[in-house]
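Peer 1: My structure is below; once you've seen it, I'll send some questions.
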Amino acid sequence: MELYQIKTFVVVACEGNLTRAAKRLHASQSTISLHIKSLEEELDVCLFLRTPKGMVSTPEGEVLLKRAQDVLDSVEKMQAEANSLRGDVSGEARVGLQTSPVYLRTPQLIKCIKEYYPGLNLQFIQNHTWTIRREVVGRAIEGGFFYSVYPPDEMEGIILENTVLRVVGPVSWRDKMENAKWEDLAKLPWIWTPAECSFSQKLNEKFHSLGLEASKSMIADSEDAHNALVRFENGVTVMRDDEAREGEEGGSFYIWPGGHLEVGLYFGFHKQRMADPIVKALIDCVEKVWKS
């Protein structure tokens, strides 16, 4: 049994999809399938059910997955101890970014890493909040920024700030929005975000608390798409306060004056990797940048 087979098993179970697993492991789907098949033959156990919706772990696969994760944890701890014995922090740190690098203070983070941990190379990966959370848990990245309505329980998370969200609409809709209540906003066409998105979860929580149902006209999963759709009068949405202010100053948006929402901005990392020198270096610099 090879370590790469065990890692493939864990990644496929985490992703539930061969295409995404192959992308994460930088391998072809046929190679991933071959690794899984070889491992199943060696263990004489069926690990996955192949379904039209993806790879679903069998009950036996779920039991062995925990053992496989223990193996990876042990390997990572051994590597972390080796790094500590060398007395330096070196290697590559993969960091997930879910929004603007400038907003996340990435330039300051790079400067901090270069100053305190010059042997550490940073690789930034832009992705959605929900993908970053999944990749932190699946050990595909060392850490990542993400939004969350509640403190995450599947990983360790440092809260950096409560990000303010504003309801924005086209400038031409000012008369519709200026004196509107949440009841009035619910009737306007909304540009929604996917269900996994914290912005969507926060909006649902707000409307449900008022006994309202928003009129969702479309779903878009990128900030650029939301900005463009609002500018072209397709509906209202929520966006970060800084984005909303910039759009307002540029004459593209009207910010509803009736209130705001908040979601937590976190930096997360795997619970089993807190002693890893690379992860500790990331935490140190993130806290230096955000807590100063």
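The values are calculated or read from the model by the stated rules, or taken from the named source; none is laboratory data. Everything quoted here is computed from the prediction, not taken from an experiment. When we count neighbours, we look across all protein chains shown, and the Cβ atoms used for this are built from the backbone with ideal geometry, even at glycine. Protein only, heavy atoms only, side chains kept; ligands, DNA and RNA dropped before computing areas. Shrake-Rupley method; radii C 1.70, N 1.55, O 1.52, S 1.80 Å.
Peer 1: Between ARG67 and ASN121, what's the calculated FRET efficiency when r is the beta-carbon distance and R0 is 51 Å? Round to 0.05.
Peer 2: Values: r = 32 Å, r/R0 = 0.63.
About 0.95, to the nearest 0.05.
Peer 1: List the cysteines of the chain that have no other Cys Cβ closer than 4.7 Å: which are they?
Peer 2: Among the cysteines of the chain, those whose Cβ sits 4.7 Å or more from every other are CYS14, CYS46, CYS197.
Peer 1: Given Cβ point charges of +1 (Lys, Arg) and -1 (Asp, Glu) and nothing else, what value in debye, to the nearest 20, does the dipole of the chain about its Cα centre take?
Peer 2: Here the chain has a charge dipole of around 200 debye.
Peer 1: At a 1.4 Å probe radius, which order do GLU287, GLU76 fall into by accessible area, largest first?
Peer 2: Working: GLU287 75, GLU76 40 Å².
Greatest to least solvent exposure: GLU287, GLU76.
Peer 1: Classify the chain as rounded, prolate or oblate from the Cα gyration tensor: take a ≥ b ≥ c as the square roots of its eigenvalues, call it rounded if a/c is under 1.5, otherwise prolate when a/b beats b/c and oblate if not. All intermediate terms of the calculation are to be shown ahead of the outcome.
Peer 2: On the way: a/c = 2.65, a/b = 1.56, b/c = 1.70.
Because a/c hits 1.5 or more and a/b fails to exceed b/c, the chain counts as oblate.
Peer 1: Another one. Assuming a ≥ b ≥ c are the square roots of the Cα gyration tensor eigenvalues, decide whether region 36-188 counts as rounded (a/c under 1.5), prolate (otherwise, with a/b larger than b/c) or oblate.
Peer 2: oblate
Peer 1: Could you please state how large a percent of the accessible area of the chain is carbon and sulfur, counting protein chains only and using a 1.4 Å probe?
Peer 2: The value for the chain is 51 percent carbon and sulfur by accessible area.
Peer 1: Would you grab the residues whose amide H sits under 5 Å from the one on VAL263? Only those 5+ places off in sequence or on another chain, please, with H modelled 1.01 Å from N.
Peer 2: THR163, LEU165
Peer 1: Further question on the same structure: Express the relative contact order of region 39-158 as a whole percentage, based on alpha carbon pairs under 8 Å and six or more residues apart in sequence.
Peer 2: RCO, region 39-158: 21 percent.
Peer 1: Quick one: dipole size for region 130-248, taken about the Cα centre, charges +1 on Lys/Arg Cβ and -1 on Asp/Glu Cβ, in debye to the nearest 20.
Peer 2: Using Cβ point charges on Lys, Arg, Asp and Glu, region 130-248 gives about 340 debye.
Peer 1: Taking the Cα atoms only, what angle lies between the long axis of helix 59-86 and the longest principal axis of the chain, rounded to 10 degrees?
Peer 2: 80 degrees
Peer 1: For the chain, report the accessible area per residue in Å² (1.4 Å probe, heavy atoms, rounded to an integer). Walk me through the numbers before you get to the answer.
Peer 2: Numbers: 14900 Å² over 292 residues.
Solvent-accessible surface per residue comes out at 51 Å².
Peer 1: Could you point to the residue in LEU261, ILE191, GLY211 farthest towards the positive end of region 166-263's charge dipole, with +1 and -1 charges on the Cβ of Lys/Arg and Asp/Glu respectively?
Peer 2: GLY211
Peer 1: Round to the nearest 10 and give me the degree value, 0 to 90, for the angle of helix 29-43's Cα axis relative to the longest principal axis of the chain.
Peer 2: With both axes taken from Cα atoms, the answer is about 50 degrees.
Peer 1: Also: Once the Cα atoms of helix 198-209 and of the chain are each reduced to a long axis, what angle between those two axes, in degrees from 0 to 90 to the nearest 10, is obtained?
Peer 2: Tilt relative to the chain: about 50 degrees.
Peer 1: Based on alpha-carbon centroids, what's the gap between region 150-190 and region 196-215 in Å, whole number please?
Peer 2: One Cα centre to the other: 9 Å.
Peer 1: Something else now. Would you kindly state how much longer the chain becomes between TYR150 and LYS271 on full extension, computed as 0.36 nm times their sequence separation minus their alpha carbon distance, in nm to one decimal?
Peer 2: Full-extension gain reported as 41.8 nm.
Peer 1: Highest first, please rank the peptides 170-181, 258-269 by the mean number of other Cβ atoms sitting within 10 Å of their residues.
Peer 2: 258-269, 170-181
Peer 1: For each pair in LYS181/LYS291; LYS23/LYS206; LYS114/LYS271, compute the distance between the two Cα atoms and list the pairs where it is over 31 Å.
Peer 2: LYS181/LYS291; LYS23/LYS206, as the Cα separations exceed 31 Å there.
Peer 1: May I pose another question? Label point 7 Å out from ARG105 along Cα-to-Cβ: which residues of region 257-292 have amide N under 18 Å?
Peer 2: 263-269, 280-292
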